[in-house]
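These notes concern the structure reproduced below.
A short reminder: the numbers here are calculations on the coordinates, not readings from a lab. Keep in mind the model is a prediction, meaning the values are calculated, not measured. All Cβ positions, glycine included, derive from the backbone under ideal geometry; neighbour counts span all protein chains shown.
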Amino acid sequence: MQRVPARPGAPVDTIDTPALVVDLDILEANLDAMAATVRAAGLRLRPHAKSHKCPAIAAMQVARGAVGVCCQKTDEAAALVDAGIGDVLVTNEVVAPVKLARLAELARRARVGVLCDDARAVPLLSGASTAAGATLDVYVEADVGGHRCGVAPGEAVGELARAIADAPGLRFAGLHCYQGAAQHLRTPPERRAAIEAATRAAVASRDACVARGLRVDMITGAGTGTFEHEIASGVWTELQPGSYPFMDVDYARNVTADGAQRFRQSLFVLAGVMSTPAPTRAICDAGLKAFAFDSGLPQVADRDGAAYVKASDEHGVLDVPAGNAASLWGARIRLVPGHVDPTFNLYDFVVGYRGERVEAVWPVARGTLG
């Protein structure tokens, strides 16, 4: 387990590096902005905790009016419920018996939801729930364009929803309509067109359920890249953005439309410069094991012209074109992760700082993979 990298009240420059750190002033502003936007739209906010796996941050979101949180794994759900989060939706299909038993047991202590996209899963969900003496909320996941999990929109959704509604121990809770592939389409017209198509699929799925005598009070989905389009559709009733408290390099590549909601970068990996072997080269202590690289290299914050150009296991190579690399020797630098979610999963703690002082050190439920 990672050594605790800091203590509340300590100066920021004493944080042990590399460390995952978050600027609390910016984090809180991002949380407040999303909560206000969703509240003004009259919708429910259910942020996605898979981004941070941190119960303390989930509690901050709930304190600002979120109805609960999402996660992707039953172990994540357990960590959140154990920490006092009373409403958790696992936005994933669960079919393994050991995971179903875990989920049903959690449903004895909190409101727990799960997704379904196959009628073969219905008796499994029902059996686990009834054996535990619990009730599970089950949402039909419709494939609204992401082409990952999900049943074809329309009639197939209605048929599956009816089967869920008729099964003991299950509550048909609504539809899960998340267009994940749209989140990082770069231009506003591309993202708008993707959500317009997703809207048509969601409406067809809702109508198929209603035709079978079912109420569809909940259509949940959306993400940080598209949530304003789901709001504008008038179809979604609950939004699930995940990255907005933190942001990352990849989200920064999205073009933001004029007047659209913007969120600032709050999350960084704090690294230490340990070598300056050439005038234009500095080496920091955050390499391949300190970041997720699926969305590219991290970016250097606050150091004009310096760029993170190469990584090995425990080394990050910085290009310093001004030729003053020696001035960075021993310095602390903030690096912006390429992809926030899997970077969080590399750390046991996230350090919250305000100004020049550490204010909080929060555990991250990393390794919750089951």
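Taking the Cα centre of the chain as origin and assigning +1 to Lys and Arg Cβ atoms and -1 to Asp and Glu Cβ atoms, the resulting dipole is close to 360 debye.
Quick one: work out the % antiparallel among DSSP beta bridges in the chain, nearest 5.
50 percent
Reducing the range 220-297 and the range 157-202 to their Cα centroids gives an inter-centroid distance of 24 Å.
Subtracting the Cα-Cα distance of Glu190 and Val4 from 0.36 nm times their residue separation leaves 62.7 nm of extension gain. Using the Cβ-Cβ distance between Asp217 and Thr14 with R0 set to 45 Å, the FRET efficiency works out to roughly 0.35. Restricting the range 162-223 to trypsin sites (Lys or Arg not before Pro) that sit in a DSSP loop and have at most 11 other Cβ atoms within 10 Å of their own Cβ leaves Arg186, Arg215.
Treat the count of other C-beta atoms within 10 Å as a stand-in for reagent exposure and order Met1, Met34, Met274 from fewest to most. If you can, show how the numbers build up before the last one.
Numbers: Met1 8, Met34 24, Met274 16.
With the sparsest Cβ surroundings first, the list reads Met1, Met274, Met34.
Cβ-to-Cβ counts within 10 Å put Cys177, Cys54 in ascending order as Cys54, Cys177, the fewest first.
Short-range pairs are left out: with C-alpha atoms under 8 Å and at least six residues apart, the relative contact order of the chain is 21 percent.
Here Ala331 and Arg262 are evaluated by their C-beta separation; at R0 = 25 Å the FRET efficiency comes out at 0.30. Straight-line cross-link reach from Lys53 at under 25 Å between alpha-carbon atoms covers these lysines, not counting any fewer than eight positions away in the same chain: Lys73, Lys99, Lys289.
Scan the range 329-358 for trypsin sites (Lys or Arg not before Pro) in coil per DSSP, keeping those whose Cβ has at most 12 other Cβ atoms within 10 Å, and list them by number.
Numbers: sites: Arg332, Arg334, Arg354, Arg357; in loops: none.
Loop-located and lightly packed - none at all.
Annotation: peptides 3-12, 43-52, ranked by per-residue average of other Cβ atoms within 10 Å with the highest first, follow the order 43-52, 3-12.
Here the extension length gained between Val309 and Asp25 equals 99.3 nm, from 0.36 nm per residue of separation less the Cα-Cα distance.
Between Val235, Val114, Val69, the residue with the greatest mean-square fluctuation in the GNM of the chain (Cα pairs under 10 Å linked by springs) is Val235. The convex hull built on the alpha-carbon positions of the range 165-312 has an orientation-averaged projected area of 12.5 nm².
When the chain is described by a simple charge dipole with +1 on each Lys and Arg Cβ and -1 on each Asp and Glu Cβ, the residue from Val122, Val269, Val12 located farthest towards its positive end is Val122.
By the beta-carbon count within 10 Å of each Cβ, the least crowded to most crowded order of Trp236, Trp329, fewest first, is Trp329, Trp236. Once a ≥ b ≥ c are taken as the square roots of the eigenvalues of the Cα gyration tensor of the range 25-250, is the result rounded (a/c under 1.5), prolate (a/b larger than b/c) or oblate (a/b not larger than b/c)? Oblate, since a/c reaches 1.5 and b/c is not below a/b.
Charge tally for His315 (other residues, Cβ to Cβ under 14 Å; Lys, Arg +1; Asp, Glu -1): -1. The residues packed around Ala198, meaning those with a beta-carbon under 11 Å from its beta-carbon, carry a net charge of 0 if Lys and Arg are +1 and Asp and Glu are -1.
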